[in-house]
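Colleague: Take a look at this one; I'll ask things after.
The values are calculated or read from the model by the stated rules, or taken from the named source; none is laboratory data. This structure is a prediction, so every number in the text was calculated from the model and none was measured. No Cβ is skipped: glycine too gets one built from the backbone with ideal geometry, and neighbour counts run over all protein chains shown.
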Amino acid sequence: MDFFQKIGIKLIIAVGTTTVIILGLFTYFNLESQSKGLEKEVERHANQLSQTIKYSTRTDMLANDRQHILNIINTIGSDDQIKKIRIFNKEGEIIYSKDSLDIGEIIDKEAESCYVCHAANEPLEKLPIKDRTRIFKLHPDSARVMGIINPIYNEETCSTAACHAHPSEKKVLGVLDVIICLKEVDQQLSENTLELLSSVIVAILGISFIIGFFVRRWVDKPVRSLVEATNNVAIGNLSFKIEEEGKDELSVLKKSFNNMTKKLLEMRNQLVQSDKMASLGRLAAGVAHEINNPLTGVLTYSSFLLKRAGDNKELKEDLEVIVRETKRSREIVKGLLDFARQSTPKKGKSNINDIIDNAISVVTNQLKISHINLEKKLDPSLPDITLDANQIQQVIINLIVNSIDAINQSNGKITIETSTIELMPYGITQIRNAVCPKGHNLMDDDHKIDGMPSIKIKAHSTSNEGFIHLDPIYGRHEHHYGIHFDEDEEIKFHCPICGISLLDPIKKGPDNRTAVYAIQIPEMGELLGCTKYQCKWQRWPFFDLGGRLGFVEIKLADNGCGIPREKVSDIFEPFYTTKGQKGTGLGLAIVWGIIDNHRGKISVESEPEKGTTFTIRLPIDNMRIKK
Amino acid sequence: MRYDFDILVIDDESVVVGAVSKICKYNNFTIDTANDGSIALEKVKKFHYRVIICDIMMPEIDGFQFLDEFWKENKLTPIIVTSGFSTNENAVKALTNGAFDFLAKPFSFDELSSTINRAMRYHKSSKIDNNISIANLSHPLYVACPSAYYRLGYLSWAKNERDGTALLGIINLYYEFIGTPAELILLSVESKVYQGSTLLTIISDDSSEHVVPSPLSGTIVEVNENVNQNYNLIGKDPYFGGWLYKIIPSDIEEELKQLVPCSSDRV
């Protein structure tokens, strides 16, 4: 970076220039007044001197003792500081002078010393002291001198003196001119100037250093860390974090920068996910088309054969298996297409236990080959629930096949357990629909939290506005904040479409003070929540008052190789596979999609070398178990 | 009117052509085959067929292009479109392009037979004469659905209600060609339907299944219980008393563009 483009240098130059101008003006006027004062002093001194000369020569003037007058002038004039003492008569002729060579010389009345009085035709007689002094140089390169003229007035004693009488009508008889050297004054002045100038320079340098220090501390350092961070982000390192310290504007910028990279990271992950989904869609389309044509051959020929089998019972039974399983393959392929296109299953009332039995019959051979013991602990009182039997069967088969692949020791064991459980809705119920009081949809399919569409809210903090994506799981509070909030700050909630406030005008939060937001859940009342940042309080009267919810729980456990902890969160991702060339990485992604389409939940617990347990919970329709 | 063949099978997969031919022959239909759209276009110019079965994804001229070209010939033959890419979107696209029905691959003997039989009955009753050009009629059939209704092919209809819901039902013509229904498999309240997904499955007395696709997407809020009690209501009063579901449509504006307004059918 160009040295002069640096913000610190620019600031120093700006402040320095201002200081130079202000201090320069101050110094100028200060020196000006100092020199005026000194000159005044000299002027007063010179005037006094000229008066002294005038008074000391008075008697001799009256006596016309020329020699004595000269002596006095010479004695006084012997001082180095006094350059000239001259007395002119009215005609301008020098009568007495310290320098004897001057005597008899006639000074032009137009000359500078006479000009003051003789400018007008009729000469002036009385002059203020200021006009009687003048500062000039005797030679261009000599020191400055000050001249003072002192008119000698006619007095009674002069006109009546015995020796020589001046006519009584004359007012001014002559002029005493004293010239004093200003060398010392000038020296003093230049010393003062030097002193002031040096202190000004020291002041400017000092100010620059102080500014430089603070700019480096408050601007340079944080800006450098921000530049480093942006460079990191530019090369794709979105997990780079700036150390947050201080509370000034740049610290706020740092915080919001960190927040931004966090959001970018989340968004990139989502983009990667949707990218995977898109390629999955293309793959599914291709696979579906390619598989469906040969399947058409199998299904048409086998069903045709079945038509012609006549009374051959054994043949008929075998053909029926082919037809049934081909139709199931058709549903699997359709499911793949549906999954890629996120459509819903074909649902009907079925019993999970029957589906599990069907699924096991499909994989019995594989279990035998791998010498795996399968244990069923099915709850016979399980209620029928609405689901797509083919899809759920596919889920069970996928999970069993996964377990078989995970077991590589001799005493492999898989346990399938079903039961009915009751759970409080808090912390598990997914909000799938939410609107503002004006009926605008608040669900955001583009921003998913844990794979589920979030609730998008426009939020205002004290200094900023942005969006919050609320966790769609009631009571879980994994919200995504788009802007920064202070601890305990109350957030204003608005509809992102129409801007209507989502705060409840009456209801208050857990402390009976905090405002509460109210989001309409169509046909299920409203969701209330605390507006304080970090406050974990939510109420959903529709469910809270309804009591526990009923679920059918399927637990499928194996004693296989397990999943390393850091991989557990990846296993439901499309194209994630541990089977190398053997797997497509789609199995568990499809399982997740199917369970999600059934409004259910699948979770996994695993311990390496001990085994893995998948737990599926499917809601029992309209079944509320009262407290 | 003399027909050269009963059925023309168009598919680039010989195993599919073979299988379909076998089923048709078993049902005593004469068949002709073509393994590409361009060959098929040559053939339909030369010969007359009662029913055409056409695949979508084929090299050179695909199924949709074939439909476009075929309608330019001013022929009114019912065309059954099949595809291995069996998405709801393809079904809707085929039906809006004038297909008689969409049959997803793979299909069984019964599914194909019942669709062909329906097409044959339709062909017979509409008394299509391939020698007559009907220049100003884009769609061959007069469908008696009222003017505020929209239809998906000649299979199902939708009517936008004032309160934001929509009524769904099936076209009378479809019902007429399936024979006597033995069982209706209706969806339940709260289930979701998608444009092109199964709306209703009718099992006729000859035990063949007839699947009707939905004209709109949405969530079912009411099922017409009267229909469940008296199946004939669909046939007798298909547009009023015989409606099937009331749904809350999810994307009615976009989806109506895929449907044909019944008012445009009036001649």
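Colleague: Given the structure, is A:Thr52 surrounded by fewer than 15 Cβ atoms within 10 Å (Cβ to Cβ), under 17 Å from A:Ile148 (Cα atoms) and either in the same structural domain as A:Glu184 (by TED's automatic domain parsing) or not small (Gly, Ala, Ser) (or both)?
Modeller: It is true that A:Thr52 is surrounded by fewer than 15 Cβ atoms within 10 Å (Cβ to Cβ), under 17 Å from A:Ile148 (Cα atoms) and either in the same structural domain as A:Glu184 (by TED's automatic domain parsing) or not small (Gly, Ala, Ser) (or both).
Colleague: Please indicate, with yes or no, whether at least one residue in the stretch B:223-236 is among the charged types (D, E, K, R) and either within 14 Å of chain A (Cβ to nearest Cβ) or assigned to a loop (DSSP other than H, G, I, E, B) (or both).
Modeller: no
Colleague: Next question, about the same structure. Across the stretch B:206-235, what is the number of residues that are exposed (fewer than 15 other Cβ atoms within 10 Å of the Cβ), over 27 Å from B:Lys257 (Cβ atoms) and more than 20 Å from the chain's Cα centre (by Cα)?
Modeller: 6
Colleague: Which pairs have Cβ atoms under 6 Å, sit 6 or more apart or on different chains, and link a residue in the stretch A:282-305 that is more than 7 Å from chain B (Cβ to nearest Cβ) to one that is modelled with pLDDT under 80 and surrounded by 20 or more Cβ atoms within 10 Å (Cβ to Cβ)?
Modeller: Hits for this filter: A:Ala284/A:Leu336; A:Ala284/A:Leu337; A:Ala284/A:Ala340.
Colleague: Next question. Quick one: A:Met1 ticks every box in (1) assigned to a helix (DSSP H, G or I); (2) modelled with pLDDT under 85 bar one, so which box is it?
Modeller: Condition (1) is where A:Met1 drops out.
Colleague: A further question follows. Across the stretch A:273-326, which residue is surrounded by the most Cβ atoms within 10 Å (Cβ to Cβ) among those that are under 30 Å from A:Asp450 (Cα atoms) and in contact with a Gly (Cβ under 9 Å, 6 or more places away or on another chain)?
Modeller: Per the stated criteria, the residue is A:Ala288.
Colleague: Yes or no: the stretch A:246-254 includes at least one residue that is at pLDDT below 85 and under 19 Å from the mean Cα position of the chain (by Cα).
Modeller: yes
Colleague: Which residues, taken from the stretch B:33-77, are buried (at least 16 other Cβ atoms within 10 Å of the Cβ) and of a type in the set (Gly, Ala, Ser)?
Modeller: B:Ala34, B:Gly37, B:Ala40, B:Gly63
Colleague: Would you mind stating whether A:Glu191 is exposed (fewer than 15 other Cβ atoms within 10 Å of the Cβ), among the acidic types (Asp, Glu) and at pLDDT below 85?
Modeller: no
Colleague: Oh, and also: So which strands (runs of 3 or more DSSP E) are wholly in the stretch B:5-122 and hold at least 2 residues that are more than 14 Å from chain A (Cβ to nearest Cβ), over 20 Å from the mean Cα position of the chain (by Cα) and of a type outside the set (Ser, Thr, Tyr)?
Modeller: B:31-34
Each row is one residue, and each column tells you yes or no for (1) touching a Lys or Arg at 6+ places or on another chain (Cβ under 8 Å); (2) of a type outside the set (Val, Ile, Thr).
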position	(1), (2)
A:Cys436	no, yes
A:Leu442	yes, yes
A:Ser454	yes, yes
A:Ile473	no, no
A:Gly499	yes, yes
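Colleague: Answer yes or no: is there a residue in the stretch A:433-445 that is loosely packed, with under 14 Cβ neighbours inside 10 Å and either of a type in the set (A, V, I, L, M, F, W, C) or more than 27 Å from B:Val189 (Cβ to Cβ) (or both).
Modeller: Yes, there is a match, as at least one residue in the stretch A:433-445 is loosely packed, with under 14 Cβ neighbours inside 10 Å and either of a type in the set (A, V, I, L, M, F, W, C) or more than 27 Å from B:Val189 (Cβ to Cβ) (or both).
Colleague: Can you go through A:Ser199, A:Ser225, A:Ser168 and tell me which one is in the same structural domain as A:Leu23 (by TED's automatic domain parsing) and touching a helix residue (DSSP H, G or I) at 6+ places or on another chain (Cβ under 9 Å)?
Modeller: The conditions single out A:Ser168.
Colleague: Only one of A:Asn390, A:Asn365 is surrounded by 12 or more Cβ atoms within 10 Å (Cβ to Cβ) and polar (S, T, N, Q); which?
Modeller: A:Asn390
Colleague: I'd like the residue in the stretch B:166-190 that is out of contact with any helix residue (DSSP H, G or I) (no Cβ under 9 Å at 6 or more places or on another chain) and surrounded by 19 or more Cβ atoms within 10 Å (Cβ to Cβ) and, out of all such residues, is farthest from the other protein chains (Cβ to nearest Cβ).
Modeller: If we take residues in the stretch B:166-190 being out of contact with any helix residue (DSSP H, G or I) (no Cβ under 9 Å at 6 or more places or on another chain) and surrounded by 19 or more Cβ atoms within 10 Å (Cβ to Cβ), then B:Ile171 is farthest from the other protein chains (Cβ to nearest Cβ).
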